[in-house]
Structure formats: structure tokens, C-alpha cells
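The values are calculated or read from the model by the stated rules, or taken from the named source; none is laboratory data. Keep in mind the model is a prediction, meaning the values are calculated, not measured. When we count neighbours, we look across all protein chains shown, and the Cβ atoms used for this are built from the backbone with ideal geometry, even at glycine.
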Amino acid sequence: MTDGAGFRELTTLRVGGPIRRLVRATTQRDLVDLLREAWESGEPWMVLGGGSNLLASDEGFDGTVVLVANRGIEVLPGGEGDRVRVRVQAGENWDDLVGWTVAQGFAGVEALSGIPGSVGAAPVQNIGAYGQELSASLVAIEFLDEYGAQPRRIEASDLELGYRTSVLKAGLAGVVVSIELELHDTAAERAVLGEAIGGSVAYAQLANALGVQLGDRVPLARVRDAVLGLRGSKGMVLDAGDPDSVSAGSFFTNPIVGERFVRTLPADAPRWYLDPEPVEEVTPLDALAAGTPLDAFLAHQASLEASDAAPAEPQGEPLVKLSAAWLIEHAGISRGFAIPGSRAAVSSKHTLALTNRGGATAEEVAQLARFVVSRVQAEFGIVLRPEPVLVGVEI
């Protein structure tokens, strides 16, 4: 058990108050036992991974926080052909895992380099970047249901993985204990070419950074380096020397609205048409990955549904994703903007990130977020939704 620690020391935003009781789970058995103990106590509880998508209040948390620190990467027997299966414990650092797969010559997640946080949070919203999504490689998860006795296996096909969504995000309460991936073993390519070649490049910005065409195949190490470079240029890679990386990553989700509403926006507003099936745009369910009890999550969802967070659209109308960054910038908020006297600021590299410029409080970050939301709402009639998990904070 570790007492006296606070969210300021455990989150990438470096804000937040004390934690009454912090316990660290370094093995899967520890994780199960500590969670069952917390559940049986009846007191408030949550789990914490990398702390990269969390804004906790200055008052802290009057309960138990279970720090997920179970580690381990295991190559499983039984891979067929050029496929290899890997089991990864939830407490592993996601980017460390990606670096390991590239070093092993295993292709499938290299474009997901640089995403901060722990492995256990990855399936919750089906993380994706630069043309890759976790769903393409995920086979199954081990999942401990809230108040469950032992973890159970859930096949990826039963997780209803979609664009930043899953059944975990939709309300299945509990904690991811480990994940299982199926990757492409590039041993045959390495034997002929002397290096590991990844899959086809599927994202224009990444192709441009690599100097190749969409659909070209590129060595895994080059893809990883290019992605890290792109993310770093936006302040989205944790870097002790970069004050813009003292953030929770993208602070707002890209809004999804109906096609008719899009016609009211300026012609140069970026837009991406989605598949015609309904898409529910909600605050990402890292809250469930973080062990937030189901009743609290459902209450939060109800508050979102009762709000005017997005214009009402007829059912069945084509859905369109907008750029939150564009909306923020065109609402008059520039990179580096700060409320006078505040130590929180919009990133100087990317308007989607809110940063701690040194000694900021959680309330200063929340105040800046509320200001951004109000400006975008006043200008465009859209209420942006925060992406980080909020603990004792209101936006």
C-alpha cells in the first residue's frame, strides 16, 4: 500500500489532489485480489493505469485507487503460418509494447506508436491512429467483471469494436486484465530483404512523412519513427523537454453531427462522412477501463443525453465527423492561448490539447476547457465534449 501520493504525481497533466489510499497491483493475482477487497469495502474506488487521459480534482479522491502495474509480454504457441499471437498484461506501457513488436519484426500496431497510457485501456475505445486500429489485431481480452471472482475471456468479435467504441465503452463494467493480439511475423521478409516490412500505408499524412504513396509497404522501424515524429510535432508524445506534452492528449472529441447541420457551417470546415449506421458520440469510456462503477457511468451518460451537446438530427440521416481543432481555432482561440493569470494554456502546437505550463491546478485546466467549450458553442452551436476521464471535475 502507498499512502500520501496524489494525482499530480500519477497523471501526465500533473494536476490533482491527494489519494486517500493507493495500492499497486504488480501481478494479475494482485489486481484481482485488490479489486475484490475494494469492492467488498463498499467505499469509493477506481483503477489507474498510465494516467494519460485523466483530469482529477484538486480535492483528490476519498477512496481506494488501484494502480494497474501488472507487466508481461508472452508469445503464445499455436500461431498459424506467418501469424503470431501475443498476450500482454494490462499494466504494460502501450508504446513500450509497440516498440517491442517492431523490434521483434511483428507487424500490425506500428502506426499506433506514441499513444500514451497502458495496454488495458486500449480496447475500451478501440484506439487508432494513422490508418491502423487495434480491432485489426485484437483477438481477445481477459476481463474481470465488477464484483466478479475471476477474469473471463471475451473474444474480440464479442466486443463490438467500432470507431472509438466497444461494449466496454457502452457500459460493461469491470477491468481489462490482459489482451491477446495476432500480428504478422515478418520473418520471411527479413530473410529475403534483411528488414521487417509492415503492411500497406493507409494514411495520407503518414505517407507524406515517409515520402511514399498510399498503399506502399515500408519497414516497420521507419513507420514507427515517422509516427513518433508526427505525434511529437503536435506535442502528443511525452517528453520531459516539451512543456506542450504536459497534457492529457486531445482534450476534446471530434463532434459527430447530421448532414443537414453541416450545411450551416462554413464551406472550408473539415468534414468526414461516416458509415450510415447510427454512431453514438459519447465521452470515451476510459472511465470504465479506469474502474468507474457502472452506476456512476450511467449517470454521466444520462447527463450527456440530457444536454445540448450536439444538434438534434433525424434518425437515419448521414452522420458527419467534424474537426474539433478547426472549430476551436475558428472560434477565435489560437495555439498558446491562456486565460490571463492562469497557468493552464492551449498547446502551442495543437489546439486540441490543454497543457499545464507549470504549477497549474485542476480547476485552472477545467476553467480553460469551459472557456473553449463556451466559445465554440457561441460561434457554431456545438458543445464540445471532453475526452479525458473526469474525477471530481465538471466541464
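In segment 236-256, which residue that is assigned to a loop (DSSP other than H, G, I, E, B) and in contact with an Asp or Glu (Cβ under 7 Å, 6 or more places away or on another chain) is surrounded by the fewest Cβ atoms within 10 Å (Cβ to Cβ)?
Filtering first and then ranking leaves Thr253.
Name, by its number, the condition in (1) at pLDDT below 95; (2) aliphatic (A, V, I, L, M); (3) under 22 Å from Leu230 (Cβ atoms) that does not hold for Ala111.
(1)
Looking only at segment 187-216, count every residue that is without any contact (Cβ under 8 Å) to a residue 24 or more places away in the chain, exposed (fewer than 13 other Cβ atoms within 10 Å of the Cβ) and part of a helix (DSSP H, G or I) and tell me the total.
So the count comes out to 4.
Checking the conditions here, which among Leu352, Leu304, Leu285 is at pLDDT below 50, under 30 Å from Val246 (Cβ atoms) and touching a Ser or Thr at 6+ places or on another chain (Cβ under 7 Å)?
Leu304
Taking Leu22 as the residue in question, decide whether it is modelled with pLDDT of 95 or more, touching a Pro at 6+ places or on another chain (Cβ under 9 Å) and not assigned by TED's automatic domain parsing to the domain that holds Gly148.
no
Quick one: would you say Val88 is free of Cβ contacts under 8 Å to residues at least 60 places away in the same chain and surrounded by 16 or more Cβ atoms within 10 Å (Cβ to Cβ)?
Judged against the criteria, Val88 is not a match.
Among the residues in segment 135-144, are any touching a helix residue (DSSP H, G or I) at 6+ places or on another chain (Cβ under 6 Å) and of a type in the set (S, T, N, Q)?
no
Filter segment 111-149 down to the residues that are over 16 Å from the mean Cα position of the chain (by Cα) and of a type in the set (Asp, Glu), then identify the one that is surrounded by the fewest Cβ atoms within 10 Å (Cβ to Cβ).
Of everything passing the filter in segment 111-149, Asp145 is surrounded by the fewest Cβ atoms within 10 Å (Cβ to Cβ).
If we scan segment 327-347, do we find a residue that is assigned to a loop (DSSP other than H, G, I, E, B), surrounded by 22 or more Cβ atoms within 10 Å (Cβ to Cβ), modelled with pLDDT of 95 or more and out of contact with any His (no Cβ under 9 Å at 6 or more places or on another chain)? Break it down stepwise before answering.
Filtering segment 327-347 down to residues assigned to a loop (DSSP other than H, G, I, E, B) leaves 331-343, 347.
Subset that is surrounded by 22 or more Cβ atoms within 10 Å (Cβ to Cβ): 347.
From what is left, the residues that are modelled with pLDDT of 95 or more are 347.
If we keep only those that are out of contact with any His (no Cβ under 9 Å at 6 or more places or on another chain) as well, we get 347.
Yes, that holds for at least one residue.
Do you know which of the residues in segment 48-59 that are among the small types (Gly, Ala, Ser) and surrounded by 20 or more Cβ atoms within 10 Å (Cβ to Cβ) is nearest to Phe251 (Cα to Cα)?
Ser52
Report yes if Glu43 is modelled with pLDDT of 90 or more and more than 29 Å from Ala366 (Cβ to Cβ), otherwise no. Break it down stepwise before answering.
Values: modelled with pLDDT of 90 or more: yes; more than 29 Å from Ala366 (Cβ to Cβ): no.
So Glu43 does not fit the description; no.
Taking only segment 80-90 into account, find how many residues are farther than 20 Å from Glu110 by Cβ and modelled with pLDDT of 95 or more.
Residues meeting the conditions: 2.
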